[in-house]
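Worksheet for the structure shown next.
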Amino acid sequence: VTDINDNAPAFSQSVYTTQVMENNSPGVEMLQIRATDPDQGQNARISYLLIDEEVNGNPVSTYFSINTESGVIQSLRSLDYEQVKEYTIQVKAQDGGSPPLSSNATVIVHVQDQNDNPPQVLYPVQTGGPLVAEMVPRSADVGYLVTKVVAVDVDSGQNAWLSYKLQKATDRALFEVGLQNGEIRTIRQVTDKDAVKQRLTVIVKDNGQPSRSATVIVNVAVADSFPEVLSEFTDFTHDKEYNDNLTFYLVLALAVVSFLFITCLVVIISVKIYRWRQSRILYHSNLPVIPYYPPRYSDTLGTGTLQHVYNYEVCRTTDSRKSDI
């Protein structure tokens, strides 16, 4: 009995499902599909192909490739969960008969989310413009709702679970932040002694591994009238920058003065030690007395008792001015 190509290749299953982590390395193997053909020889030789379709506006061949002989499907680029969460690919198994017969199968690729995005704060808006402050009247009671920090995370699952925490505050005993909802409330009665300008730093963290976070600054004005707030917050940023610059210059001046003082002290001590050593050397050195006879010298008057005048060279130190020679 001579074989003819009367059987099409058959996949082991009509739908294949696989998962791949986003931000994968290009060329990573995702899965291998398999088809069989009961024919013989060339009629049973199977080739695997991708059916050309568009995925997210691009040809599927720009995302994935398939080995024509083994049926291994690879990813050609790094996938992003936030752009496309799932890919549906049509693959074909075709035999080598004449005419060739083929069959199709569907491959569904689920992209798994990775914690690659930090939280994004929507409110209060952090801009470089004028400061925006939330007003709290001095008559506010315990539990007064000051404002609410609103943040989102484009990741999925537990990577998008957000928690809020008060990191720094002008008065930590006055405000608290809700762990799950981001609501800022007072935890005690506001008094007249509380400063008008209150600055809170809230950190927003997701539940991914590793965790990512974002910080937001909330300005709060404790006042009963808008003019009072305006006068206090007009140069809030300027005061902060001025204080920072003043602190820097004070530290720099202190460092320079300290350096000059230490340098002068070292120089003075070195000079004193040098002079002391020189005086000790001259004191302990037994310098010989060298007589000097002037040439052709004689006592012209003839009344002296010495026939010659002797000259002596003597070395003295600078601090021997009052001593006898």
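The values are calculated or read from the model by the stated rules, or taken from the named source; none is laboratory data. Predicted model only: the values in this text are computed from it and were never measured. Every residue, glycine among them, receives a Cβ derived from its backbone with ideal geometry; neighbour counts consider all protein chains shown. Accessible surface is based on the protein model in full, side chains and every heavy atom, while ligands, DNA and RNA are left aside. Shrake-Rupley method; radii C 1.70, N 1.55, O 1.52, S 1.80 Å.
Quick look at the numbers
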| item | result |
| --- | --- |
| Pairs with Cβ under 8 Å, 6+ apart, first in region 23-52 and closer than 18 Å to Ser103 by Cα, second part of a helix (DSSP H, G or I) and among the small types (Gly, Ala, Ser) | Asp37/Ala44; Pro38/Ala44; Leu50/Ser61; Asp52/Ser61 |
| Residue list for region 143-179, filter: over 26 Å from the mean Cα position of the chain (by Cα) and either closer than 16 Å to Ser211 by Cβ or among the aromatic types (Phe, Trp, Tyr) (or both) | Tyr144, Phe175 |
| Of all residues in region 181-214 being over 27 Å from Arg138 (Cα atoms) and of a type in the set (S, T, N, Q), the one that is farthest from the chain's Cα centre (by Cα) | Asn207 |
| Single match in Thr263, Thr300 (criterion: modelled with pLDDT under 90, polar (S, T, N, Q) and either open to solvent by 100 Å² or more (accessible area, probe 1.4 Å) or over 30 Å from Gln189 (Cα atoms) (or both)) | Thr300 |
| Among (1) in a strand (DSSP E or B); (2) open to solvent by less than 30 Å² (accessible area, probe 1.4 Å), the one test that Gly97 misses | (1) |
| Residue under evaluation Ala255, criteria (1) open to solvent by 70 Å² or more (accessible area, probe 1.4 Å); (2) under 29 Å from the mean Cα position of the chain (by Cα); (3) modelled with pLDDT under 95; (4) not β-branched (Val, Ile, Thr), criterion not met | (1) |
| Boolean, Thr36 is open to solvent by 80 Å² or more (accessible area, probe 1.4 Å) and closer than 18 Å to Ile89 by Cβ | no |
| Among (1) in contact with a Ser or Thr (Cβ under 9 Å, 6 or more places away or on another chain); (2) outside any strand (DSSP E or B); (3) surrounded by 17 or more Cβ atoms within 10 Å (Cβ to Cβ); (4) not hydroxyl-bearing (Ser, Thr, Tyr), the one test that Ile73 misses | (2) |
| Ile108, sole failed condition from (1) touching an Asp or Glu at 6+ places or on another chain (Cβ under 7 Å); (2) open to solvent by less than 30 Å² (accessible area, probe 1.4 Å) | (2) |
| Identity of the residue in region 133-163, among the β-branched types (Val, Ile, Thr) and either touching a Leu at 6+ places or on another chain (Cβ under 9 Å) or surrounded by 13 or more Cβ atoms within 10 Å (Cβ to Cβ) (or both), that ends up nearest to Gln198 (Cα to Cα) | Val136 |
| Qualifying residue in region 75-94 (condition: in contact (Cβ under 8 Å) with a residue 40 or more places away in the chain and more than 50 Å from the chain's Cα centre (by Cα)) | yes |
| Residue within region 149-166 that is polar (S, T, N, Q) and within 15 Å of Ala221 (Cα to Cα) present | no |
| Qualifying residue in region 207-217 (condition: crowded, with 17+ Cβ neighbours inside 10 Å, modelled with pLDDT of 90 or more and touching a helix residue (DSSP H, G or I) at 6+ places or on another chain (Cβ under 6 Å)) | yes |
